[in-house]
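First comes the structure, then the notes that go with it.
Values quoted throughout were computed directly from the atomic coordinates according to the rules given, and no laboratory measurement underlies them. Note that the structure is predicted; figures quoted are calculated from it, not measured. Every residue, glycine among them, receives a Cβ derived from its backbone with ideal geometry; neighbour counts consider all protein chains shown.
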Amino acid sequence: MTTRVITFGTFDVFHIGHVNILTRAHDLGDHLTVGVSLDAMNFAKKGRYPIYRQEHRLEIVASMACVDEVFFEESLDLKRQYLIDHKADVLVMGNDWEGRFDEFKDICEVKYLPRTADVSTTDIIQAIRSRVED
Ligand code: C2G
């Protein structure tokens with residue numbers, strides 16, 4: 001039987017933490033689907049637009065050898081529908097989301113993986129900003 005894994009994210013300014021979560025998610029099953037959040041969803045959630053536009057973020061994620069399928073995530077509120085539509089057996093998220101998706105344990109396994117230490121999109125943006133200002 002095929003184990004279908006799904007994960008979600010913005011994947012802005014793609015970095016090693018993103019590589020790690022996608023490869024580890026892939027290793028938990030046979031098929032990996034990734035929901036990439038829309039620019040508008042990101043603005044609603046974080047109050048800023050991503051640096052990379054959504055089409056580029058989607059293409060970067062799709063180019064990973066461990067990723068089988070990608071789609072745009074339009075809203076956090078549609079998560080249950082996405083899990084059903086993509087026939088997810090396992091939902092994987094980094095542990096910054098610990099507990100936040102436990103409500104879906106009735107339809108799939110929910111796993112939170114440890115985040116990669118010392119790297120984040122926010123820190124990269126901040127580092128670039130401070131170098132430019134120096
Ligand atoms: N991540 C990680 N280690 C890092 C940075 C990120 O493991 N150092 C993981 C996050 O935990 C997440 C994934 O990489 O599982 C994508 O991270 P973001 O792009 O920051 O995604 P986010 O904006 O949290 O969007 O429906 C849920 C949202 O779309 C998640």
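Listed values, structure above:
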quantity	calculated
Within the chain, helix-based [θ] at 222 nm, where runs of 4 or more DSSP H residues each add -39,500 (n - 2.57), nearest 500	-10500 deg cm²/dmol
Neighbourhood charge, 15 Å Cβ-Cβ cut-off, centred on Leu76 and excluding it, Lys, Arg +1 and Asp, Glu -1	-2
Hits among aspartates and glutamates - C-alpha to C-alpha of Lys111 under 14 Å, sequence gap 8 or more where chains match	Asp27, Asp89, Asp96, Glu98, Asp102, Glu103
Label point distance in nm, Thr23-Ala65, each placed 7 Å from Cα along Cα→Cβ	1.0 nm
For the stretch 56-120: rounded, prolate or oblate by the Cα gyration tensor [a/c cutoff 1.5]	oblate
Contact order relative to length of the chain, as percent, for alpha carbon pairs under 8 angstrom and 6 or more apart	30 percent
Beta bridges by DSSP in the chain, antiparallel share as percent, to the nearest 5	0 percent
Peptides 15-22, 126-133, 86-93, 38-45 ordered by average Cβ neighbours within 10 Å, highest first	86-93, 15-22, 38-45, 126-133
